[in-house]
Amino acid sequence: MTQTDAFADKQEMILNAAFHAFAAYGFRRTTMDDIARGAGMSRSALYLHFSNKEDIFRSLTERHFNNTIRDMERALNMPGRSPAEALHAAFVAKDGKFMDVVLGTPHGRELLDAGFSLAADIAEAGEVRMTEVLAAFLKRHRLAPGVGTADEMSETLNAALKGLKFAATSLDAYRAGQARLAALFAMALSSPD
């Protein structure tokens with residue numbers, strides 16, 4: 001293992017520890033000591049990788065969107081899936097573990113708020129990329145007349161998913177809403193060209 005690989009592995013450990021600490025304590029109550037302890041390192045060693053918890057949160061947000069894009073592309077490109085199945089799998093992949101925390105811990109809404117204030121630029125760029133991934137999938141299908149272009153439909157899908165996220169009261173209700181949304185939008189698609 002090279003020094004670069006070891007450094008990257010340490011950063012992954014830190015981000016994983018931070019994710020768990022933020023889920024357990026919320027953003028405001030999580031300390032650098034909590035994150036260092038979770039990563040199995042000293043606080044001073046943690047500062048060799050990140051300058052503060054805001055820096056960690058931004059890196060965690062960036063990792064989330066990178067993983068989300070990758071997982072959405074896999075879900076949408078898996079052979080043998082119907083459009084509804086592919087869309088639903090992509091919607092679930094879009095969340096990663098994040099919605100489990102948002103809807104499964106008392107600190108979820110605080111983490112959403114922290115994301116808006118600390119990493120809005122990263123989230124905005126990630127949302128653009130997710131919309132592009134959905135549009136690429138939709139462009140491989142014939143769209144029903146009157147539903148707009150693949151780009152317009154992708155933007156509408158992304159907006160609808162955001163609405164589900166904020167209206168959901170439980171993870172089960174959220175997932176059921178995603179399945180309904182996937183089925184509804186799939187009705188506007190015919191087989192790939």
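The values are calculated or read from the model by the stated rules, or taken from the named source; none is laboratory data. As the structure is a computational prediction, the values presented were derived from the model and not from experiment. With ideal geometry, Cβ positions are generated from the backbone for all residues, glycine too; neighbour counts draw on all protein chains shown.
When the residues of segment 128-156 are narrowed to those that are of a type in the set (A, V, I, L, M) and under 15 Å from the mean Cα position of the chain (by Cα), which ends up surrounded by the most Cβ atoms within 10 Å (Cβ to Cβ)? If we take residues in segment 128-156 being of a type in the set (A, V, I, L, M) and under 15 Å from the mean Cα position of the chain (by Cα), then L134 is surrounded by the most Cβ atoms within 10 Å (Cβ to Cβ). Taking R81, is it assigned to a helix (DSSP H, G or I) and basic (K, R)? The answer is no for R81.
Candidates L103, L112, L138, L134: the one that is part of a helix (DSSP H, G or I), without any contact (Cβ under 8 Å) to a residue 12 or more places away in the chain and not hydroxyl-bearing (S, T, Y) is L112.
Can you tell me which residue within segment 157-178, out of those that are among the charged types (D, E, K, R) and exposed (fewer than 15 other Cβ atoms within 10 Å of the Cβ), is nearest to E73 (Cα to Cα)? Looking at the filtered set, the residue picked out is K162. Enumerate the pairs (first residue in segment 4-15 and within 11 Å of F50 (Cα to Cα); second residue anywhere and buried (at least 16 other Cβ atoms within 10 Å of the Cβ) and hydroxyl-bearing (S, T, Y)) with beta-carbon separation below 9 Å, excluding pairs fewer than 6 apart on the same chain, so at least 6 apart or on different chains. Matching pairs, first to second residue: Q11/S59; I14/S59; L15/S59. For segment 1-41, the candidate set comprises residues that are touching a helix residue (DSSP H, G or I) at 6+ places or on another chain (Cβ under 9 Å) and part of a loop (DSSP other than H, G, I, E, B); within that set, the residue that is nearest to L112 (Cα to Cα) is T30.
Is it fair to say I35 is closer than 24 Å to V133 by Cα and either at pLDDT below 95 or β-branched (V, I, T) (or both)? In short, no. Of the residues making up segment 73-97, those that are surrounded by fewer than 15 Cβ atoms within 10 Å (Cβ to Cβ) and not hydroxyl-bearing (S, T, Y) are R74, N77, M78, P79, G80, K97.
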